[in-house]
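Report on one structure; see the data block that follows.
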Amino acid sequence: MPYALPMSYVLHLWRHPVPVSSNDAQGMLRDLRQQLSFNPDPAASVLMQAIAAGLPGDGEPGNDWTEPPEPDPFALVQSLSPAVAELQVVLPVIEHVARQLGWVIFDPQSGEVHTPSGQVMGPKGSVAAVADVPVLPELDTSPSARSRWVQQSLEPLFTPRGWRKLRGEFWFRKKLPVGEALVYSDMVRDTLHHGVWIRLALPSHLQSALDSDGGPAFRVSLQHFAQTHRLPFTYLEPPALFQKQAGGVTYELPMGSAASAATRRDELAALYDSAVLDWLNQLHSLEDVDRWANRVPDEECPFVGLRQRSDYRLLNYHPDLLVAAAVNAPDFEQRALERYALYEADAFGRGLLPPMRELLAVCGLHF
């Protein structure tokens, strides 16, 4: 990682958000250092223990560090000070463990950023590695050709990360510890209907709550990640907040020519490579999903429809309640009762009570 040996050395590590450049990492570091978690996070101790276990045991443990690493469970940034003389030994261990456990590494000496996906970005930046698919004349005349071209271009971002390329309306699929993630795309005239959602792997006693499409599913807000990471993302209308089917269309991307297809490819490549795919890899348990769905502030929620409110403020699917029941969250019953009362007080919502009663009955609540 370093290209010159300073008198002292420091690395900064955090779990999210994942920066898209060295400058972005510097800004995130400043922001995260000003914040504290109100609840202790055991991940810091797990990180330090894994690093200690990965170091060779043929010397004194204290020789690896200028300051012995101490996990701070309330800090969003963990800082390490490896001994300059031991950098060649210590840095590969830190990088390996950080990738395994989903931590970002920022090296202020070199300006390099190491993301959990294994991407390394220097001060001059990094470009998403898309496939060099030839631009054929038919891209200006054939919507289906534009769709296939974008999928083929994005494939190098997905398949090395364990995603499987599919045919039809699903472009890519990956098994996760929490279920499966799916990238949906359907070309409708000159518009690419595009979305990402997560189907949960629920405990056996909740399986009957799933519909034939594997929902209720969480719809990932690509707009949220674009705003968080300051990335361009063009779509024709806001994400739909009311959809009857799990896996419904989330974003409509204008793609009426070869030039617009190239722009959509570049926007999606940056968004997936720099943010979305790394975040999905950090979902190790249903508790992680519950945290993002139910425990973070509204502005940090990465799912479509759970916190946003508009004229369609009532939804006929409730993945947030389902995952809270799956992890036996102490506030599940309170959340469910509040949701039920909200629907019961609304003329439109009362028509959605029967499927809600069925779902809550599976979760152990009967009305």
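The values are calculated or read from the model by the stated rules, or taken from the named source; none is laboratory data. Since the model is a prediction, treat every value here as computed from it, not as a measurement. Ideal geometry is used to build each Cβ from the backbone, glycine not excepted, and the neighbour counts take in all protein chains shown. These area figures cover heavy atoms from the full protein model, side chains too; ligands, DNA and RNA do not enter into them. Shrake-Rupley method; radii C 1.70, N 1.55, O 1.52, S 1.80 Å.
Counting only helices (runs of 4 or more DSSP H) that sit wholly inside region 174-286, those with at least 1 residues that are touching a Ser or Thr at 6+ places or on another chain (Cβ under 6 Å) and at pLDDT 85 or above are 258-271, 277-280.
Taking every residue in region 173-196 that is of a type in the set (Lys, Arg) and pairing it with any residue that is part of a strand (DSSP E or B) and surrounded by fewer than 15 Cβ atoms within 10 Å (Cβ to Cβ), at least 6 positions away or on another chain, the pairs with Cβ-Cβ distances below 6 Å are 173/164.
Please pick out the residue among 110, 144 that is surrounded by 13 or more Cβ atoms within 10 Å (Cβ to Cβ) and among the small types (Gly, Ala, Ser). Break it down into steps so the answer makes sense when it comes.
Numbers: 144 fails: surrounded by 13 or more Cβ atoms within 10 Å (Cβ to Cβ).
Going through 110, 144 in turn, just one is surrounded by 13 or more Cβ atoms within 10 Å (Cβ to Cβ) and among the small types (Gly, Ala, Ser): 110.
Taking region 69-124 as the range and being part of a strand (DSSP E or B) and under 19 Å from residue 42 (Cα atoms) as the test, the residues that pass are 75, 78, 79, 80, 104, 105. Whenever a residue of region 344-367 is among the basic types (Lys, Arg), its partners that are open to solvent by 30 Å² or more (accessible area, probe 1.4 Å) and part of a helix (DSSP H, G or I), lying with C-beta atoms within less than 7 angstrom and at least six residues away or across chains, give the pairs 350/344. Quick check, is residue 90 touching an Asp or Glu at 6+ places or on another chain (Cβ under 7 Å), open to solvent by 60 Å² or more (accessible area, probe 1.4 Å) and not aromatic (Phe, Trp, Tyr)? The answer is no for residue 90. All of (1) in contact with a helix residue (DSSP H, G or I) (Cβ under 6 Å, 6 or more places away or on another chain); (2) assigned to a loop (DSSP other than H, G, I, E, B); (3) polar (S, T, N, Q) hold for residue 328 with one exception: (1). When restricted to residues that are open to solvent by less than 20 Å² (accessible area, probe 1.4 Å), free of Cβ contacts under 8 Å to residues at least 40 places away in the same chain and in a loop (DSSP other than H, G, I, E, B), region 287-305 contains 1. The set of residues in region 350-367 being among the aliphatic types (A, V, I, L, M) and over 18 Å from residue 205 (Cα atoms) consists of 352, 353.
With respect to the conditions (1) among the aliphatic types (A, V, I, L, M); (2) more than 20 Å from residue 252 (Cα to Cα); (3) touching a Pro at 6+ places or on another chain (Cβ under 8 Å), residue 176 lacks only one, and its number is (3). Within region 19-31, being surrounded by 19 or more Cβ atoms within 10 Å (Cβ to Cβ) and touching a Gly at 6+ places or on another chain (Cβ under 9 Å) holds for 19, 20, 21, 22, 25.
How many residues does region 310-341 contain that are of a type in the set (A, V, I, L, M) and at pLDDT below 85?
At the first step, the residues of region 310-341 found to be of a type in the set (A, V, I, L, M) are 314-315, 321-327, 329, 336-337, 341.
Now restrict to residues that are at pLDDT below 85: 314-315.
Matching residues across region 310-341 total 2.
Checking each residue in region 334-362 for being closer than 13 Å to residue 294 by Cα and surrounded by fewer than 16 Cβ atoms within 10 Å (Cβ to Cβ) picks out only 334.
Of the set (1) outside any helix (DSSP H, G or I); (2) open to solvent by less than 10 Å² (accessible area, probe 1.4 Å); (3) farther than 30 Å from residue 130 by Cβ, all apply to residue 321 but (1). Residue 102 falls short on exactly one of the conditions (1) at negative phi; (2) surrounded by 17 or more Cβ atoms within 10 Å (Cβ to Cβ), and that condition is (1).
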